[in-house]
Amino acid sequence: MEVFACAGCGTELTAPVSRVALPVHTHHGGWEELHPPLMEPATYAVDPRPTGPPWRRWEDVGEDAAARQGVYAPVYSVSFGARNRIVIAPGDSRSMALIPEKCEGYCRGVDGRAGPNLACEGCGRAVAIRMDDCGLWQTVWLEPDAVVRRPSALPTASPPDWGDLKQAGHRVPPVEPDGSWSRRWEAAVGVAMAHLVAATDNRPVTLPAGPVAELLGHAVGRYLPTGPGSRSVEPAGPGIRTSRPRPDVLLVPRHPLTGTPWRPSGDDGAVVPVDSGVWAYLAHPGETSPMPATGVLPEVVLRDDYPLPPHPRCALVPHHEAFQDTLVGLPAVRGPRLRGYRDTERFTGP
Ligand SMILES: [Zn+2]
């Protein structure tokens with residue numbers, strides 16, 4: 001395991017942590033809701049893309065400079081913030097104090113809009129950004145230039161691998177205990193839809209019957225056309241057999257340590273990477289359907305069993321900003337068919 005320390009004075013700023021893949025839903029929370037921490041305890045992840053302020057208007061930045069920031073289509077503003085920010089759970093931060101004049105937020109917490117809002121208690125340098133406002137997964141982001149990484153005295157457990165996807169704890173159920181759709185799923189499906197639009201170049205797709213069609217069918221209808229000439233889409237990944245002939249598009253998990261999409265060996269066809277916890281559920285959904293059953297018991301029937309768990313009232317609606325942010329980050333969006341797609345309601349939203 002590792003710890004991060006202040007680059008200025010050496011004070012340890014984190015508990016021992018081990019690296020994992022950046023969660024797919026990192027930047028995509030639910031509007032006006034408080035969220036739990038993004039990261040599991042004792043883990044950290046790195047975001048290779050520029051994030052946070054300063055922001056510059058796309059029209060001032062221009063196409064080529066925006067592409068160098070990882071933005072391949074017009075958006076309102078482009079981040080010129082640091083790359084490789086390191087994210088941890090707030091509970092794993094150590095020896096940092098909020099900077100009172102930097103604690104802006106929208107309503108229920110701080111959002112780091114003015115840059116680092118946490119200072120090293122050893123030397124007072126601004127070293128990190130705490131975010132816990134509504135709509136944000138709770139995080140502490142260490143500034144890459146303000147910290148150094150050191151080995152910890154604690155032994156490192158074996159790093160996460162494909163085998164972890166088989167563990168029951170890795171599967172993320174799509175429905176929360178209160179009957180609402182999982183926010184992580186909504187974000188993950190938005191991101192996956194962007195990859196699907198790019199992989200098919202905005203062509204119709206056919207989903208396999210069962211959990212994939214039940215859970216993703218509404219989202220696919222939202223973002224892709226219907227009609228003839230559809231591409232076949234099926235889950236593929238470690239522990240499940242890839243259909244023959246190969247489907248046109250494979251829904252594959254991201255590696256839990258590196259985030260790299262899984263591929264069959266020697267394969268270079270189209271893949272759509274999916275949050276590994278969401279993929280694990282799609283590949284091994286268990287026995288019960290997450291979709292609501294139709295109808296209710298007649299009024300005269302008295303029940304003496306426990307009530308069924310609540311089910312969502314409507315189909316899963318993907319996180320639209322997650323979809324947009326992801327699609328403009330894919331170089332394929334510059335192709336001629338997707339240039340036209342960007343002007344449609346499917347992209348801009350109703
Ligand atoms: Zn310091």
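A few remarks follow.
- Selection of region 186-208 for residues being in a loop (DSSP other than H, G, I, E, B), under 20 Å from Gln324 (Cα atoms) and in contact with a strand residue (DSSP E or B) (Cβ under 9 Å, 6 or more places away or on another chain) yields Arg203, Pro204.
- Being open to solvent by 30 Å² or more (accessible area, probe 1.4 Å) and more than 27 Å from Leu327 (Cβ to Cβ) holds for only one residue in Arg244, Arg183, Arg222, and it is Arg244.
- When Ser243 is tested against (1) touching a strand residue (DSSP E or B) at 6+ places or on another chain (Cβ under 6 Å); (2) closer than 30 Å to Arg19 by Cα; (3) modelled with pLDDT under 95, only condition (2) is not met.
- Exactly one residue out of Glu40, Glu33 is in the same structural domain as Ala119 (by TED's automatic domain parsing), away from the ligand (no atom under 16 Å from the Cβ), among the charged types (D, E, K, R) and open to solvent by less than 70 Å² (accessible area, probe 1.4 Å), and it is Glu33.
- Out of Pro256, Pro228, sole residue that is in contact (Cβ under 8 Å) with a residue 40 or more places away in the chain and either open to solvent by 60 Å² or more (accessible area, probe 1.4 Å) or out of contact with any strand residue (DSSP E or B) (no Cβ under 8 Å at 6 or more places or on another chain) (or both): Pro256
- Those residues of region 137-172 which are modelled with pLDDT of 95 or more and of a type in the set (A, V, I, L, M, F, W, C), in sequence order: Trp137, Val140, Trp141, Leu142, Ala146, Val147, Val148, Trp162
- A search for C-beta distances below 6 Å between a residue of region 168-193 that is closer than 20 Å to His284 by Cβ and any residue that is part of a helix (DSSP H, G or I) and open to solvent by 40 Å² or more (accessible area, probe 1.4 Å), counting only pairs 6+ apart in sequence or on different chains, returns His170/Asp164; Val172/Arg184.
- Qualifying residue in region 9-16 (condition: buried (at least 20 other Cβ atoms within 10 Å of the Cβ), touching a strand residue (DSSP E or B) at 6+ places or on another chain (Cβ under 8 Å) and outside the structural domain of Pro256 (by TED's automatic domain parsing)): yes
- Qualifying residue in region 120-133 (condition: at pLDDT below 95 and not acidic (Asp, Glu)): no
- The residue that is farthest from the ligand (Cβ to nearest atom), counting only those in region 4-26 that are touching a Leu at 6+ places or on another chain (Cβ under 9 Å) and part of a loop (DSSP other than H, G, I, E, B), is His25.
- Yes/no for Asp305 being at pLDDT below 95, over 20 Å from the mean Cα position of the chain (by Cα) and in the same structural domain as Leu196 (by TED's automatic domain parsing): yes
- Among (1) among the aliphatic types (A, V, I, L, M); (2) in contact with a Phe, Trp or Tyr (Cβ under 6 Å, 6 or more places away or on another chain); (3) within 16 Å of the ligand (Cβ to nearest atom), the one test that Val87 misses: (3)
- Criterion (in a loop (DSSP other than H, G, I, E, B) and open to solvent by 80 Å² or more (accessible area, probe 1.4 Å)) met by exactly one of Arg313, Arg339: Arg313
The values are calculated or read from the model by the stated rules, or taken from the named source; none is laboratory data. Because the structure is a prediction, the values reported are computed rather than measured. As a convention, Cβ positions derive from the backbone with ideal geometry for all residues, glycine included, and neighbour counts pool all protein chains shown. Please note that ligands, DNA and RNA were not included when accessible areas were found on the heavy atoms of the full protein model with its side chains. Shrake-Rupley method; radii C 1.70, N 1.55, O 1.52, S 1.80 Å.
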